[in-house]
1. Only one residue in 113, 143 is in contact (Cβ under 8 Å) with a residue 60 or more places away in the chain, under 21 Å from residue 75 (Cβ atoms) and either small (Gly, Ala, Ser) or surrounded by 23 or more Cβ atoms within 10 Å (Cβ to Cβ) (or both), so which one is that?
2. For the stretch 116-132, give me each residue that is of a type in the set (Ser, Thr, Tyr) and buried (at least 23 other Cβ atoms within 10 Å of the Cβ).
3. Looking at the stretch 65-85, can you tell me whether even one residue there is surrounded by 24 or more Cβ atoms within 10 Å (Cβ to Cβ) and among the charged types (D, E, K, R)?
4. Out of all the residues in the stretch 61-86, which are out of contact with any Gly (no Cβ under 9 Å at 6 or more places or on another chain) and part of a helix (DSSP H, G or I)?
5. Hey, among 2, 110, 25, 20, which residue is at pLDDT 95 or above and closer than 30 Å to residue 143 by Cβ?
6. Of everything in the stretch 159-177, what is surrounded by fewer than 16 Cβ atoms within 10 Å (Cβ to Cβ) and at pLDDT 90 or above? Give them in sequence order.
7. Quickly run through the stretch 178-211 and pick out the residues that are under 19 Å from the mean Cα position of the chain (by Cα), at pLDDT 90 or above and of a type in the set (D, E, K, R).
8. Exactly one of these conditions fails for residue 250: (1) aliphatic (A, V, I, L, M); (2) modelled with pLDDT under 90; (3) surrounded by 20 or more Cβ atoms within 10 Å (Cβ to Cβ). Give me its number.
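The values are calculated or read from the model by the stated rules, or taken from the named source; none is laboratory data. What you see is a predicted model; the values in this text were computed from it and never measured. Reconstructed Cβ throughout: ideal geometry from the backbone, glycine too, with neighbour counts over all protein chains shown.
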Amino acid sequence: MVFRLAAVVVAAGICSRAQVGDALVDQTRVAPANRTLTVEERGDIMMARKMYREAIETFQSETHKTAVLYNKIGIGYHQLQQLEPARKNYEQAVKLKRDYAEALNNIGTVYYARKSYRRAIGYYKRALRFSDSASIYSNLGTAYFGRKEYKLATDAYQEALNRDPEVFERKSSYGTLLQDRNVEERARFHYYLAKMYAKTGRNELAMQYVRKCLEEGFKERKKLAEDPEFQALRELDEFKELLASEPRVL
């Protein structure tokens, strides 16, 4: 059973510090009133309350730990920004379940946080052998972005959008899969998001990210005026006014 929690992971990020992927349920439905909670359920409730240290201790009290438990222990350490014990627990999860895409992804987030982008990419690609999760594609794109491989980053982001049109719009949450949003070049990142949204006709979101990229100091304004993806936006008065103005750089 997986629970919806608030997540604060890795380092300061664009949208949030981390986001979780798949299979979330409301923690209010933990168990019927007539039965005792399991160790895992008690640990999940503590995670929901952001009592990460207590959650880790609770998960660790389970005698026969599963791959899922090791992954959750890793996430608990990750929330505390203790990356080395987080990595070790994720790796233990993978030893028990070699096709555990979520744990492989989470190892990637550790290497991403350490700016070891090549290793992060390797783990994200391994995770994608066993899952086509939009969150993992998003992480892969962010790691490529960290290496300034913008074409590969855009391709991975596009794959993420193809699988989940809202992957970049969700607020921070927690479950069993961490999603990095910690790219350093915010303005360029938002420019590429605007471009992808414009390409698919999602003009409102495209405009939102155009505004963000300009506010964050995007220097290649000529691209906004010339890129074919923005052709439809260029007919909008709001877009024209935005390009003609000098937004206050945040």
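1. Matching residue, one of 113, 143: 113.
2. First, pick out the residues of the stretch 116-132 that are of a type in the set (Ser, Thr, Tyr): 116-117, 123-124, 131.
Across the stretch 116-132, the qualifying residues are 123, 124.
3. The answer is yes; a qualifying residue exists.
4. Listed by number, the residues that qualify are 67, 68, 70, 71, 74, 77, 78, 79, 83, 84.
5. It is 110.
6. Within the stretch 159-177, 162, 163, 165, 166 qualify.
7. 188
8. Every condition holds for residue 250 apart from (3).
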